[in-house]
Amino acid sequence: MNTSIHSQWSSKLAFIFAATGSAVGLGNIWKFPYMTGEYGGGAFVIVYLLCVALMGLPIMMAEVMLGKRGRNSPINSMKILAAEAKQSQWWQLLGWSGVVAGILILSFYSVVAGWALAYVPKLATGEFLIINSMPLAEVQTFIDATFNSLVANPYNLIIWHTIFMSLTMLIILGGVQGGLERALTFMMPALFVLLLILVAYAMTTSNFMDGVHFMFDINFNNLLYPNCTATSCELSGDGILAAMGQAFFSLSLGMGAIMVYGAYLPDKTSIAQTTAIVVIADTLVAILAGLISFAIVFSNGLEPGAGVSLVFKTLPIAFGQMPFGSLFGTLFFILLALAAWSSAISLIEPAVAWLIETKRFKRLGATLFLGILTWLLGLLTVFSFNIWSEINPLFMFPNFADKTFFDLIDYLTSSIMLPLGGLFMAIFVAWLMKKQIIEAELNGSSKHFGYRIWYFLLRYITPLGVGLVFLNAIGIFS
Ligand code: PHE
């Protein structure tokens, strides 16, 4: 057993809430629907689900276990575990890449969470009730204008981004266990109930089944040829890479968030059972959010491929039309911001824990330093939607020529850093760690059927899968 200066979760349930809090967030409610829309529906969803089952679940178990064994920040845990397995100290890089990815993700995450905060007063004051008396075409113009005028104003975005980052820093200051445990116990169930209310509403809309078909009818052309125009279609691995990246992003995998939460896990907790609960909850929330969004899309003649604005354009229509819409709408965006909040904390905790372990920092100093750094980086995203929306830093590379700073940070982290991080975790656990250690940490045995499946997936299928998706994305197979 390795020693730790950090405290632990008070119970198994506290860990489940924290890990679910990390996993469920903007990734499920904002990102999953709009990516499904952009990549044409069912085929994206099926690849996503396959990645969750064949890579996500096994890697999450491995990542929790690395944390529980290492008992420190991802950087120091990897240092300790590499020494224990007589491997190179370069394995610390895995922790480092996670720290960097976490800060980069949080920089745009906080801006988008700011959008959710900005919608709270809009709903509370009944701004969307007016759509009841509008013809369909005007409804679309109205919701477009509402979203566009929000993101067009950098000052507004900066204010909401600042509020969200301050809230995140506040919890981090209190220590994740103390600050987070209580809040999450009522938050996650409340969010779930509201989602169910929205699903019930979605089922009453005229085109609910169109949304279901869009999400579950599998048409691989949409995924493999995402950039089709009237004149040309080009085969591309981007869609599959995006689906895999989304699986890692949504489950918070590959950057140490789940590892650092594992480091606070009480000794006797069953890793297999707890991670399975987290994965199922996360997937369920994403699917529900998709069903809700697409029912509204197809019932109101909207575009499924609207991009990052999708849920901010669909959900207000629902809240404008349903009974008690202003109340539910206000609650929903508050809960969305809270869900983002509990994810944000896990994005920055690996870095904070590491700075504290180096002992040159107290929690306050570490939080302030990292918070301000992330806030500054967030300005790149803020400006990507207004004054720098035409700036494409990688314009000289055809594949990235039209990407803004925000697009690039999102791509670098979700599609590259997280899957790579997960790949190396899988390799470390399934190829380099001693089997006795793994069995002891998992309270498992190599004779157990589930354990054998997990080990097989982690050792062969996960690395092969991630590798193939990467090779496909750089065009090796086309
Ligand atoms: N899983 C979170 C979400 O879906 C985002 C996240 C990614 C959090 C990586 C931590 C680590 O919103």
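Mind pulling the angle between the C-alpha long axis of helix 154-174 and the longest principal axis of the chain? Nearest 10 degrees, somewhere in 0 to 90.
The angle comes out near 30 degrees.
Taking the Cβ of residue 429 as the center, what net charge do the other residues with Cβ under 11 Å away carry, scoring Lys and Arg +1 and Asp and Glu -1?
Its environment carries a net charge of +2.
Under unit Cβ charges (Lys, Arg +1; Asp, Glu -1), what dipole magnitude, rounded to 20 debye, does the range 1-157 have relative to its Cα centre?
820
Consider all pairwise Cα distances in the range 65-184 and report the whole-number % of them above 19 Å.
66
What does the charge add up to near residue 418, with Lys and Arg as +1, Asp and Glu as -1, over the other residues with Cβ less than 15 Å from its Cβ?
Result for the local shell: -2.
Bin width 10 Å, alpha-carbon pairs only: give the P(r) of the chain as whole percents, running from 0 to the bin holding the largest distance.
All Cα pairs considered, the percentages come to 4, 21, 31, 27, 13, 3, 0.
Mind putting a number on the dipole of the chain about its Cα centre? Charges go on the C-beta only, +1 for Lys and Arg and -1 for Asp and Glu, and I need it in Debye to the nearest 20.
1860
Between the alpha-carbon centers of the range 27-47 and the range 265-331, tell me the distance in whole angstrom.
12
Which shape class applies to the range 351-478: rounded if a/c is under 1.5, otherwise prolate when a/b exceeds b/c and oblate if not, where a ≥ b ≥ c are the square roots of the Cα gyration tensor eigenvalues?
oblate
I need the semi-axes of the equivalent ellipsoid of the range 1-83: take the C-alpha gyration tensor, multiply each eigenvalue by 5, square-root it, list largest first in whole angstrom.
That gives 32, 16, 11 Å for the three semi-axes.
Working from Cα positions, state the angle (0 to 90°, nearest 10) between the long axis of helix 363-384 and the longest principal axis of the chain.
40
Give the lysines reachable from residue 362 as a straight Cα distance under 27 Å; neighbours fewer than 8 places away on the same chain don't count.
Counting by Cα, and skipping residues close in sequence, residue 362 has these lysines nearby: 68, 79.
With a ≥ b ≥ c taken as the square roots of the eigenvalues of the C-alpha gyration tensor of the range 161-241, please select rounded if a/c is under 1.5 and otherwise prolate if a/b is larger than b/c or oblate if it is not?
Verdict is oblate for the range 161-241.
When Rg is the radius of gyration of the Cα atoms in the range 1-159 and Rh is its Kirkwood radius, what does Rg/Rh come to?
Rounded to two decimals, Rg/Rh equals 1.09.
By the scheme Lys and Arg +1, Asp and Glu -1, what is the net charge of all other residues having a beta-carbon under 14 Å from that of residue 442?
+3
Would you calculate a helix-derived [θ] at 222 nm for the chain, using -39,500 (n - 2.57) for each DSSP H run of n ≥ 4 and dividing by the full residue count, to the nearest 500?
That calculation yields -22500 deg cm²/dmol at 222 nm.
Would you mind working out the magnitude of the charge dipole of the range 122-263 relative to its Cα centre, with +1 at each Lys and Arg C-beta and -1 at each Asp and Glu C-beta, to the nearest 20 Debye?
460
Compute all pairwise cysteine Cβ distances in the chain, then list the cysteines with no distance under 4.7 Å to another cysteine.
51 - these cysteines have no disulfide-compatible partner (Cβ-Cβ under 4.7 Å) in the chain.
By how many degrees, 0 to 90 and rounded to 10, does the Cα axis of helix 325-357 deviate from the longest principal axis of the chain?
Between the helix axis and the principal axis of the chain, the angle is about 30 degrees.
Given the options 73, 27, 44, identify the residue whose Cα lies farthest towards the positive end of the charge dipole of the range 14-106 (+1 on Cβ of Lys, Arg; -1 on Cβ of Asp, Glu).
With unit charges placed on the Cβ atoms, the residue in question is 73.
Can you give the Kirkwood hydrodynamic radius for the range 284-340, in Å, rounded to one decimal and based on Cα pairs?
Taking the inverse mean of 1/r over all distinct Cα pairs, the range 284-340 comes out at 11.8 Å.
For the charge dipole of the chain, defined by +1 on Lys and Arg C-beta atoms and -1 on Asp and Glu C-beta atoms about the Cα centroid, which residue among 372, 433, 477 has the Cα displaced farthest towards the positive pole?
Farthest along the dipole direction, towards plus: 433.
Any read-out appearing in this document is the output of simple, stated calculations on the displayed coordinates, not a laboratory observation. Computed from a predicted structure; not experimentally measured. Note that we place each Cβ from the backbone using ideal geometry, even for glycine, and neighbour counts take in every protein chain shown.
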